[in-house]
Amino acid sequence: MSRRYPTARPTDADRLADLDRGSDLDRGSDLDRGSDLDLPTELLNLPWIDPHNHAHTLSWSDRERYALSGCRSMMMVASGYHWTPYKPVEASDVRFLWDDAINRRTAIERNHFFEAKLGLGIHTGVRIEAPDDLLATMDDYCALEEVVAVGETGVTPSQHVERWDVDEQQAVVQAQMEIAADHGLPVLLHTPNTSGEPKRSYRDGLGVTPGYEKNAGLGADPVLEGDNPALEAVKRDIEAVRDAGLDEDRVVASHADTNNTAYLMEETDCYLSFTIGHSWLIGVDAVDVANAIDEYGPNRITIDTDCANVLRTDPYAVKRAMFELYRYGVDVDDIRTVVYENPRDVFGLAE
């Protein structure tokens, strides 16, 4: 039975009635329609896992936002070339980043109550001098309980400051995958994104975007060219996976987008992780996730924020996406699979 509203001014229901005069519309009933919806209130408290961020580089308040929005567990990726002291990067710089993340991890868990594990790898976004020195130490690091993945890593079409030969990159990526296979660890891939042309250029010297604190003017000439270098890099990664003897279902391709989704879902057994913490930069958002779920199902899809201190990023991104996915028609069970169960199972988090 609908309620009558003692409103002095016309309500939405009155307006609708005016548009539909002569029908059996019960004036006032439209204000009750929201109460008839079976809203998924479980989404308010559904835990989620972030399988790719650099949260140890964020502020205390940003990490608190993860906790407030229901983050149950996260994998903090320590291999962030963006904030190394100088370029080219020495092996000791990367190892310092690994050590810093290891040192801070326990305090982060204690302060914010979510589980914080680590991914360690050699990123190819800049050339690293003497990468074999890092590879020689990775075995001991990967034996640590808090290290749950190798990465992020993967062939990159172009570098910052200095080019890194693509075959050398692929060899370093494959060596890491072999270490991961030896330790039974999954691998987090960094897959290059494609983006559209900017609507307008910034002033000279102000960089590619005010939300990314990297000097874009120091980009080196690409080492991969052609019609689709971003996809070619991903195909090289998969070649490395196979040559390393690593099971493809132990690989999570982060930064999934419309350029690589079909290849990865149809020609590999890898998982896809859609990075939505900085949609303004790479153009990937909950719509892409919903479309992928519709096309391929939820069982090899997850979401990450990739929040880092060099980017304008959003620790609330996954929580917002959960509501958006439901609005786009994705079932609650599928949302739970994507934001919680898949990263839990692949990375052994929140067990």
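The values are calculated or read from the model by the stated rules, or taken from the named source; none is laboratory data. None of the values given here were measured: they were computed from a predicted structure. So basically every Cβ, Gly included, is an ideal-geometry build from the backbone, and we count neighbours across all protein chains shown.
Looking across 95, 104, 72, 33, one residue alone is surrounded by fewer than 19 Cβ atoms within 10 Å (Cβ to Cβ) and modelled with pLDDT of 95 or more. It is 104.
Here residue 249 does not fit the description of being outside any helix (DSSP H, G or I) and more than 26 Å from residue 39 (Cα to Cα). Applying the condition of being among the charged types (D, E, K, R) and more than 18 Å from residue 343 (Cα to Cα) to the range 309-319 and asking which residue is modelled with the highest pLDDT yields 314. So residue 151 clears everything in (1) on the phi > 0 side of the Ramachandran plot; (2) out of contact with any strand residue (DSSP E or B) (no Cβ under 8 Å at 6 or more places or on another chain); (3) surrounded by 16 or more Cβ atoms within 10 Å (Cβ to Cβ) except one condition, right? Which one? Result: residue 151 fails condition (2) only. Say we look at the range 38-57 and pick out the residues that are free of Cβ contacts under 8 Å to residues at least 40 places away in the same chain and not in a loop (DSSP other than H, G, I, E, B); which of these is surrounded by the most Cβ atoms within 10 Å (Cβ to Cβ)? Only one residue fits best here, namely 44. Scanning the range 134-161 for residues that are touching a Ser or Thr at 6+ places or on another chain (Cβ under 8 Å) and charged (D, E, K, R) yields one hit, 152.
Of the numbered criteria (1) in contact (Cβ under 8 Å) with a residue 60 or more places away in the chain; (2) closer than 26 Å to residue 78 by Cα, the one residue 259 fails is (2). Annotation note: of 294, 285, 227, the sole residue that is among the acidic types (Asp, Glu), under 15 Å from the mean Cα position of the chain (by Cα), surrounded by fewer than 18 Cβ atoms within 10 Å (Cβ to Cβ) and over 26 Å from residue 148 (Cα atoms) is 285. Counting just the residues of the range 162-176 that are aliphatic (A, V, I, L, M) and in contact with a helix residue (DSSP H, G or I) (Cβ under 8 Å, 6 or more places away or on another chain), which one comes out surrounded by the most Cβ atoms within 10 Å (Cβ to Cβ)? Once the filter is applied, the top-ranked residue is 173. In the range 76-92, the residue that is surrounded by the most Cβ atoms within 10 Å (Cβ to Cβ) out of those that are more than 24 Å from residue 347 (Cβ to Cβ) and modelled with pLDDT of 70 or more is 89. Within the range 199-221, is even one residue surrounded by 16 or more Cβ atoms within 10 Å (Cβ to Cβ) and part of a helix (DSSP H, G or I)? No, every residue in the range 199-221 fails to be surrounded by 16 or more Cβ atoms within 10 Å (Cβ to Cβ) and part of a helix (DSSP H, G or I). Against the numbered list (1) out of contact with any Lys or Arg (no Cβ under 9 Å at 6 or more places or on another chain); (2) surrounded by fewer than 24 Cβ atoms within 10 Å (Cβ to Cβ); (3) in contact (Cβ under 8 Å) with a residue 12 or more places away in the chain, residue 242 comes up short only at (3). Within the range 182-195, one or more residues are surrounded by 15 or more Cβ atoms within 10 Å (Cβ to Cβ), among the hydroxyl-bearing types (Ser, Thr, Tyr) and part of a loop (DSSP other than H, G, I, E, B).
Scan the range 253-261 and give yes if some residue there is farther than 23 Å from residue 325 by Cβ, under 17 Å from the mean Cα position of the chain (by Cα) and part of a helix (DSSP H, G or I), otherwise no. There is no residue in the range 253-261 that is farther than 23 Å from residue 325 by Cβ, under 17 Å from the mean Cα position of the chain (by Cα) and part of a helix (DSSP H, G or I).
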